[in-house]
Amino acid sequence: TNCRRSWLRSMSKKHSRGPGFRRRPVDVRDIHQRFLIVCEGEKTEPAYFQSFRGPHVVVRIKSANIDPARIVETAVKQWKEQKADYDQVWCVFDRDEVTVERFNRALELARTRNIKIAYSNPLFELWFLLHFQDCTGPLARQEYGSRLSQCLGRSYAKNDADMYDRLEPHMDDAIRRAERLLDRYHPSQPFNDDPSTTVHLLVQELRRFSRP
């Protein structure tokens, strides 16, 4: 559909700017970046993204345990109410069991408000698993946890406090695998593209300013 194609084009523009972005000199890294990240989950995603720390990044996490469209609406509301000068505003949510209407509504609303999306189809654990192995086809929800437990050598838990530290050495591999997944889908239909994720786009931005 037109909204899906428009959303994909907006995600691929590396230098797009909007209410969540300010124009900055190219390759200047001594300026702090303020991120507002609105997450669907209350434990897994916030704990992970809070771990990106460094001298040039300030991350504010807002949990919103609601559907994707409401998450984007929450991001818009938070940005307006706080009147904060955020450099980047992101929404993080899963395809999971959301209806196609609500999922695509979230993509379209984010596009019109120039808010970035880090989605996972079907769920956020796909991003974790990509640190260890390729995922070339759909998996049952429980299979993600089972495979992660095997890769980690211990039982995977959503509130694992040191998950970032366990994954960080494999982050470059995860980014490459996520990129390859997206390249498989022509045209891109995020709601139907299982498995796929754009979490790596947010991760790349956080790493860019988190590194000393």
task = Using a 10 Å cut-off on Cβ atoms, rank the peptides 47-58, 70-81, 116-127 from the highest mean neighbour count down.
result = 116-127, 70-81, 47-58
query = What nm distance separates the two modelled labels at Glu143 and Asp96, each placed 7 Å from Cα along Cα→Cβ?
reply = 2.0
Histogram of C-alpha separations across the range 97-154, 5 Å bin width, % = 4, 15, 24, 17, 14, 13, 9, 4, 1
By accessible area with a 1.4 Å probe, ligands and nucleic acids excluded, highest first: order of Glu179, Glu101, Glu40 = Glu101, Glu179, Glu40
query = For Glu179 and Arg60, FRET efficiency with R0 = 30 Å and r from the beta-carbon atoms, rounded to 0.05?
reply = 0.65
key: Accessible carbon and sulfur surface of the range 97-186 relative to its total accessible area, %, 1.4 Å   = 44
ask   = Heavy-atom accessible area per residue, the range 78-139, 1.4 Å probe: how many Å²?
value = 38
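The values are calculated or read from the model by the stated rules, or taken from the named source; none is laboratory data. Not measured: the values here are computed from a predicted model. Cβ: placed from backbone, ideal geometry, glycine included. Neighbour counts: every protein chain shown. The protein model used for the area step is the full one, side chains on, heavy atoms only, and it has no ligands, DNA or RNA in it. Shrake-Rupley method; radii C 1.70, N 1.55, O 1.52, S 1.80 Å.
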